[in-house]
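The values are calculated or read from the model by the stated rules, or taken from the named source; none is laboratory data. Being a predicted model, the structure only gives us computed values, none of them experimental. Ideal geometry is used to build each Cβ from the backbone, glycine not excepted, and the neighbour counts take in all protein chains shown. Surface accessibility is based on the protein's heavy atoms, side chains included, excluding ligands, DNA and RNA. Shrake-Rupley method; radii C 1.70, N 1.55, O 1.52, S 1.80 Å.
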Amino acid sequence: MINMQPPIHNPQSTIGNPMLPHPALITRIQLEAPGIATYTLTFQDPALRAAYRFHPGQFNMLYLPGIGEAAISISSDPGDPATLLHTIRVAGNVTQAIARLKAGSVIGARGPYGSAWSVERARGGDAIFVSGGIGLAPLRPAIYHVIRHRAEYGKVTVLVGARAPAELLYHGEYDQWRAHDIEVTVTVDRADETWKGRVGVVPMLFYSLRPDPKRTTVFTCGPEIMMRFVVYEALARRIPQERIYVSLERNMKCAIGFCGHCQFGPAFLCKEGPVLSYAQIEPFFNVEEF
């Protein structure tokens, strides 16, 4: 029997009624890439704003009346919960409607939900963060956490991949991360005339790594085919299944395990996930369209 209990962490419970959205003001919209923008939200209720906390890797449900809700990863610094960021890619009716909003608009938000990156598991050892495309958004809070507690971690590596240079997220922050003794390596699938960096899929960046399997934890998020190859590369370097974490995306509707839309094997990804260790999901992860 597979153990589908969440990884080692204690995610914050939702505030108040878990099904009730709270009004949040969009104070800033930052274009990140074509079809992708980061929205800065501020809860209008001062008490809620002061009480809100989240863990790296968790998500909120964002709501527009008459249109619906979408599960969106929190992409901001958990050490500064008053500044709440969501990086959103236009992919459906809700995200299309959000993309039409302007700063000053009000949106509904409820959460946080789900499991978190096991940054505590990596404490005292080395960490490798591997992202593809929009997958850097849910990893970004964990990177911020490591920066805030840098002395408690060993070697930290961030591997960033995108389909094209114009689709790289947060590229203005990479040097800031490097300033905190974090190795950042970037690659794109297809170069253009302006690109002078690496070309190739992000799992190939493992070829130049020599991690110590006894002290290394891997965190990865991106397209599932990419994450499969990241897992293969990590396993090939004898990193234990229990120290490889993935964040999975499924159709989330209720976010509290009632509706069943996000079921993945025996797990509901809104509760046991979205972050799970490879040890928990190994029998299911390699099944196409599971």
Counting only residues that are more than 18 Å from the chain's Cα centre (by Cα), of a type outside the set (Lys, Arg), assigned to a loop (DSSP other than H, G, I, E, B) and surrounded by fewer than 18 Cβ atoms within 10 Å (Cβ to Cβ), how many does the stretch 228-253 have?
1
Starting from the stretch 230-250, take each residue that is of a type in the set (S, T, N, Q) and list its partners that are part of a helix (DSSP H, G or I) and surrounded by fewer than 16 Cβ atoms within 10 Å (Cβ to Cβ), counting only C-beta distances under 7 angstrom and pairs at least six apart or across chains.
Gln241/Ala279; Gln241/Glu282
What number goes with the only condition from (1) closer than 20 Å to Trp117 by Cα; (2) at pLDDT 95 or above; (3) of a type outside the set (A, V, I, L, M) that Arg237 does not pass?
(1)
Quick one: Ile225 ticks every box in (1) in contact with a helix residue (DSSP H, G or I) (Cβ under 9 Å, 6 or more places away or on another chain); (2) open to solvent by 60 Å² or more (accessible area, probe 1.4 Å); (3) closer than 23 Å to Arg140 by Cβ except a single one, so which number is it?
(1)
Quick one: in the stretch 268-289, of everything that is at pLDDT below 80 and over 20 Å from Ala234 (Cβ atoms), which residue is surrounded by the fewest Cβ atoms within 10 Å (Cβ to Cβ)?
Glu289
Could you list, in sequence order, all residues of the stretch 69-104 that are within 17 Å of the chain's Cα centre (by Cα), small (Gly, Ala, Ser) and within 21 Å of Leu168 (Cα to Cα)?
Ser73, Ser75, Ser76, Ala91
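With open to solvent by 10 Å² or more (accessible area, probe 1.4 Å), basic (Lys, Arg) and modelled with pLDDT of 95 or more as the only criterion, which of Arg28, Arg121 stands out?
On the way: Arg121 fails: modelled with pLDDT of 95 or more.
Exactly one of Arg28, Arg121 is open to solvent by 10 Å² or more (accessible area, probe 1.4 Å), basic (Lys, Arg) and modelled with pLDDT of 95 or more, namely Arg28.
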Residue pairs, Cβ under 8 Å, 6 or more apart or interchain, first in the stretch 27-46 and on the phi > 0 side of the Ramachandran plot, second open to solvent by 10 Å² or more (accessible area, probe 1.4 Å). List them.
Gly35/Arg89; Gly35/Val90; Gly35/Ala99
Result of the Cβ filter at 6 Å on the stretch 159-184, keeping first residues that are within 16 Å of Thr87 (Cα to Cα) and partners that are in a helix (DSSP H, G or I), at least 6 apart or interchain, is Ala162/Gly133; Leu169/Leu136
Applying the selection to the stretch 175-203, what residues are aliphatic (A, V, I, L, M) and at pLDDT 95 or above?
Ala179, Ile182, Val184, Val186, Val188, Val199, Val201, Val202
Just the residues that are buried (at least 22 other Cβ atoms within 10 Å of the Cβ) and part of a strand (DSSP E or B), please, taken from the stretch 70-101.
Ala70, Ala71, Ile72, Ser73, Ile74, Leu84, His86, Thr87, Ile88
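Given the criterion over 21 Å from Val275 (Cα atoms) and crowded, with 20+ Cβ neighbours inside 10 Å, identify the matching residue among Val156, Val188.
Details: Val156 fails: over 21 Å from Val275 (Cα atoms).
That would be Val188, the only listed residue that is over 21 Å from Val275 (Cα atoms) and crowded, with 20+ Cβ neighbours inside 10 Å.
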Got a number for residues in the stretch 51-85 being in contact with a helix residue (DSSP H, G or I) (Cβ under 6 Å, 6 or more places away or on another chain) and among the acidic types (Asp, Glu)?
1
Unmet criterion (only one of (1) open to solvent by 40 Å² or more (accessible area, probe 1.4 Å); (2) out of contact with any strand residue (DSSP E or B) (no Cβ under 6 Å at 6 or more places or on another chain); (3) closer than 24 Å to Ile256 by Cα) for Pro34
(3)
